[in-house]
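See below for the structure under consideration.
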Amino acid sequence: MMKRLIFSVALVALATTSASAQQLTKLRVGYDGFSMTSGPLIYGDKQGIFRKFGLDVTPIYIDGGSVLTQAVVGGSIDIAQNGYTPALSAAVQGADIVIIGGISNKLPFQLVVKTAITNAAELKGQAIAISRYGSSTDTAADFALAHLKLTRTDVKVLQLGGAATRIAAAMSGQIAGTMEQYPDTAELARHGFHVLVDLTEMAGDYPNTSYATSRTFLKSRPEVVKQFFRAMATAVRDYKRNPAVAIPLTQKFLEVKDAANAKAAYEAYSKIYPDDLRPSLEGVALVLKEIAKTEAKAAALRPEQFVDTTALDALAGEGFFKQLSAAN
């Protein structure tokens, strides 16, 4: 009799679990970088926040913004946490992709140089590293040089690939500086380097990381998009309010060895993440202006043609963000 009872309870538990799983809506969310912009997304996944909003989300890493953009256009990814530039470049060419939100509406890079370099004159003739031409680090280098009243002919801009390679080149003395972001900036600072230019505020509204989807998906699944933003906004709020959980989780995700570097990155980015996840129209205009340097037709296009904040507008109208901010 006892065995039958245990078996019955097990069946009920299994049925409940299965029913709960069936109630979750599968949502394929891609991201293109192991960086601090992905901190709240990973936090939302690990802390079960997406499930609380009825979503079955497992973040999918896709290497490269252009590849991730293609995945959205092709329908293998529903929502992408992607660079503004690759998403908008594709949209300018007529691809079915639209910006629906933003997680980093700043350009959070620093030009980190060796201690001996303290001004623009001392940087002249020296080599600085970026990941690759056309990347966010490349754009950041342009802003940094312009701030220093230098041009690319004044320095050697080398594309060296990932941050680990760039940092190794800097520490070995092969380059004078590199475009980095936290926590890598903090790591270099521990080894005698310093920030010559911080683009986070200096680059104004030039944005870094958006949320993008296809207009087809947005039109067919508007409630799912709203639920995604409910979950993401909650993840951002909780991430900012719970450093004791957020910092170690992000440290593990980014494989940061030094806890102090992870803490510095957390403190820097907690000031960058927008609470309502709204994209910056001014920022989109700046990106279109940059794209126009190689694609002339972008100059005649308006930011509003590539941005749809229907989901965020609806949440704001419902008072969601106010309630979220006021909640303990």
message: Skipping prolines and chain starts, which residues have an amide H placed within reach, meaning under 5 Å, of the one on Ile60, given they are 5 or more residues away or on another chain?
response: Val29, Gly30, Tyr31
statement: Magnitude of the Cβ-charge dipole (Lys and Arg +1, Asp and Glu -1) of the chain about the Cα centre, nearest 20 debye, reported as 760 debye
message: For the stretch 39-192, place one equal point scatterer on every Cα, skip the solvent, and apply the Debye formula. What is log10 of I(q)/I(0) at q = 0.14, 0.16, 0.17 Å⁻¹?
response: -0.81, -0.96, -1.03
statement: What helix-only [θ] at 222 nm does the chain give? Using -39500 (n - 2.57) per DSSP H run of at least 4, over all residues, to the nearest 500, the answer is -14500 deg cm²/dmol
task: Beyond 30 Å between alpha-carbons counts as too far, so tell me which of Lys257/Lys289; Lys156/Lys263; Lys52/Lys322; Lys219/Lys271; Lys26/Lys257 fall in that bin.
output: Lys257/Lys289; Lys156/Lys263; Lys219/Lys271; Lys26/Lys257
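What's the whole-number percent of alpha carbon pairs in the stretch 203-314 lying beyond 24 angstrom?
Details: 2662 of 6216 pairs.
Cα-Cα pairs of the stretch 203-314 separated by over 24 Å account for 43 percent.
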Acute angle (nearest 10 degrees) that the helix 243-254 long axis makes with the longest principal axis of the chain, alpha-carbon atoms: 70 degrees
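With +1 on each Lys and Arg Cβ and -1 on each Asp and Glu Cβ, how big is the dipole of the stretch 203-310 about its Cα centre, in debye rounded to the nearest 20? Don't skip to the answer; put the middle values down first.
On the way: 17 positive and 13 negative charges, 47 e Å.
With Lys and Arg at +1 and Asp and Glu at -1, about 220 debye.
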Accessible surface, per residue, of the chain when the full set of protein chains is kept, probe 1.4 Å, Å²: 47 Å²
field: aspartates and glutamates with Cα under 20 Å of Lys252, excluding same-chain neighbours fewer than 8 positions away
entry: Asp32, Asp45, Asp63, Glu180, Asp184, Glu187, Asp238, Glu267
field: Carbon and sulfur %, accessible surface of the chain computed with the full protein complex present, 1.4 Å
entry: 55 percent
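Quick one: ranking Val225, Val256 by accessible area, 1.4 Å probe, largest first, what do you get? Show your work: numbers first, answer last.
Numbers: Val225 0, Val256 25 Å².
These residues rank, largest area first, as Val256, Val225.
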query: Which entry in (i) 6, 24, 31, 22, 10, 4, 2, 1, 0; (ii) 5, 24, 30, 19, 10, 4, 3, 2, 2, 1, 0; (iii) 6, 27, 38, 24, 5, 0 matches P(r) over Cα pairs in 10 Å bins from 0, in percent derived from the coordinates of this structure?
result: (i)
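The values are calculated or read from the model by the stated rules, or taken from the named source; none is laboratory data. Keep in mind the model is a prediction, meaning the values are calculated, not measured. Quick reminder, even Gly has a Cβ in these numbers, built from the backbone with ideal geometry, and neighbours come from all protein chains shown. For accessibility, only protein heavy atoms count, side chains too; no ligands or nucleic acids. Shrake-Rupley method; radii C 1.70, N 1.55, O 1.52, S 1.80 Å.
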